[in-house]
1. Based on what the data block shows, is Leu84 within 30 Å of Gln139 (Cα to Cα) and either open to solvent by less than 70 Å² (accessible area, probe 1.4 Å) or at pLDDT 75 or above (or both)?
2. Applying the selection to the range 193-226, what residues are of a type in the set (D, E, K, R), open to solvent by 40 Å² or more (accessible area, probe 1.4 Å) and closer than 11 Å to Leu255 by Cα?
3. Restricting attention to the range 227-241, and to residues there that are among the polar types (S, T, N, Q) and open to solvent by 30 Å² or more (accessible area, probe 1.4 Å), which single residue is nearest to the chain's Cα centre (by Cα)?
4. For the range 53-75, which positions are open to solvent by 40 Å² or more (accessible area, probe 1.4 Å), within 18 Å of Leu130 (Cβ to Cβ) and among the aromatic types (Phe, Trp, Tyr)?
5. For the range 52-66, what are the residues that are over 20 Å from Trp141 (Cβ atoms) and either at pLDDT below 75 or within 29 Å of the chain's Cα centre (by Cα) (or both)?
6. Being exposed (fewer than 13 other Cβ atoms within 10 Å of the Cβ), at pLDDT 75 or above, not aromatic (Phe, Trp, Tyr) and not in a loop (DSSP other than H, G, I, E, B) narrows it down to one of Leu13, Leu49, Leu22, so name that one.
7. Mind checking which pairs have a first residue in the range 46-75 that is among the basic types (Lys, Arg) and a second that is surrounded by 21 or more Cβ atoms within 10 Å (Cβ to Cβ), Cβ under 8 Å, 6 or more apart or different chains?
Amino acid sequence: METVVINDRKARLIGIPLLGILIPLIVHSEAFSAFDFKEMAHWISVCLLNTFLAWEGNRYIFSRSRQFFPNYNQTTKRLIYQTLISLTYTLLTTIFVDYFFCDYLLNYHDHPPLLLGFRISLIPTLIVTLIYESVYFFQSWKHNIQQTEALARENVQSQLEALKNQLDPHFLFNSLNTLASFIGDDNIPAQKYLEQLSDVYRYVLVSRDKTTVSLEEEMTFVESYIYLNKARFRENLQVETHIDITAYQQQIAPLSLQMLVENALKHNIVSKEKPLKISILQESNYLSIANNLQEKRTFEKSTKVGLQNIINRYRLLTDQQVEIIKNDWNFTVRIPLLP
């Protein structure tokens with residue numbers, strides 16, 4: 001549970017004494033107009049204490065409620081919880097001030113009408129609530145805008161990485177369709193290969209502007225991508241998948257699964273003596289992509305942004321973290337499945 005930091009030192013230093021003096025000036029103006037210094041001192045001290053307790057206590061309640069209900073879709077729950085706890089706390093503090101602080105510390109036994117102190121204390125409580133909720137709303141709004149802009153940048157980065165050093169995908173896709181007409185109907189392997197290659201570029205075109213896609217769409221794309229690579233590596237590339245059918249409707253960042261398969265092919269030996277084994281497994285709300293580790297001595301030139309791009313995109317999409325696990329035998333990346 002992430003700690004909520006509230007930067008409000010100046011507001012508290014100014015707001016508490018200001019309200020502690022203004023409230024008695026308004027509510028108990030007769031004492032001030034009559035220059036009754038004893039009554040003035042009493043009401044200022046009482047209101048200062050009430051304001052201090054109301055401000056600091058409700059500030060803590062707001063902070064904790066945001067920790068328990070941090071998401072936007074939990075706003076209603078948070079406000080209900082926060083309001084009930086805040087009213088209960090305010091009632092208890094005013095009872096403490098009116099019947100303990102006044103009686104035993106100030107020796108002031110002229111009690112106000114029942115719950116008058118509570119009703120007066122609702123003024124600083126309401127002001128504090130409005131201040132913190134307004135600040136929280138605008139901070140959340142600003143944060144969401146920044147997240148949206150950052151996610152857009154990450155998607156552009158992903159598209160550039162996926163299309164790097166390749167012809168314009170529209171031109172290439174149309175050229176593939178033209179090429180298909182030149183391949184004879186009896187050449188089934190070539191027709192199949194070209195069909196899968198077209199599917200790969202069709203998916204790149206369709207998904208390039210999306211934030212998320214269904215796992216079913218991504219897996220269909222990855223199967224085509226794997227088919228193209230198996231035509232090159234044949235039995236030296238072995239891929240297994242185990243995914244529950246119900247998980248196919250969950251969401252995933254587009255091209256993320258393909259990038260992980262591509263990284264495995266790029267950085268590991270794929271040969272008859274050392275076949276590369278890739279597994280794509282569903283593990284609860286995560287998708288695990290693992291491969292046996294047999295790193296090449298000389299890596300292909302890498303921009304080193306593929307995996308980091310996936311991490312950055314998921315950081316913007318969910319609080320769940322992308323997990324990377326590496327040992328002497330395997331390299332595994334676990335990416336969250338999104339609702």
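The values are calculated or read from the model by the stated rules, or taken from the named source; none is laboratory data. Worth saying up front: this structure is predicted, and the values here are computed from it rather than measured. All Cβ positions, glycine included, derive from the backbone under ideal geometry; neighbour counts span all protein chains shown. With ligands, DNA and RNA removed, areas are computed over all heavy atoms of the protein, side chains included. Shrake-Rupley method; radii C 1.70, N 1.55, O 1.52, S 1.80 Å.
1. On the way: within 30 Å of Gln139 (Cα to Cα): yes; either open to solvent by less than 70 Å² (accessible area, probe 1.4 Å) or at pLDDT 75 or above (or both): yes.
Judged against the criteria, Leu84 is a match.
2. Applying the first criterion (of a type in the set (D, E, K, R)) to the range 193-226 yields 195, 199, 202, 208-210, 216-218, 223.
So of that shortlist, the ones also open to solvent by 40 Å² or more (accessible area, probe 1.4 Å) come out as 195, 199, 202, 208-210, 216-217, 223.
Arg208, Lys210, Glu217 - these are the residues of the range 193-226 that are of a type in the set (D, E, K, R), open to solvent by 40 Å² or more (accessible area, probe 1.4 Å) and closer than 11 Å to Leu255 by Cα.
3. Step one: of the range 227-241, the residues among the polar types (S, T, N, Q) are 229, 236, 238, 241.
Now narrow it down to the ones that are open to solvent by 30 Å² or more (accessible area, probe 1.4 Å): 236, 238, 241.
On the way: Asn236: 39, Gln238: 35, Thr241: 28 Å.
Only one residue tops the list, namely Thr241.
4. Answer for the range 53-75, where residues must be open to solvent by 40 Å² or more (accessible area, probe 1.4 Å), within 18 Å of Leu130 (Cβ to Cβ) and among the aromatic types (Phe, Trp, Tyr): just Tyr60.
5. Let us first name the residues in the range 52-66 that are over 20 Å from Trp141 (Cβ atoms), namely 52-61, 64.
Answer for the range 52-66, where residues must be over 20 Å from Trp141 (Cβ atoms) and either at pLDDT below 75 or within 29 Å of the chain's Cα centre (by Cα) (or both): Glu56, Gly57, Asn58, Arg59, Tyr60, Ile61, Arg64.
6. Details: Leu49 fails: exposed (fewer than 13 other Cβ atoms within 10 Å of the Cβ); Leu22 fails: exposed (fewer than 13 other Cβ atoms within 10 Å of the Cβ).
Going through Leu13, Leu49, Leu22 in turn, the sole match is Leu13.
7. Filtered contacts from the range 46-75: Arg59/Val128; Arg59/Tyr132.
Here's the yes/no breakdown for (1) among the aromatic types (Phe, Trp, Tyr); (2) closer than 30 Å to Pro189 by Cα; (3) buried (at least 19 other Cβ atoms within 10 Å of the Cβ); (4) at pLDDT 90 or above:
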| position | (1), (2), (3), (4) |
| --- | --- |
| Ile243 | no, yes, no, yes |
| Gln249 | no, no, no, yes |
| Leu281 | no, yes, no, yes |
| Arg297 | no, no, no, no |
| Asp319 | no, no, no, no |
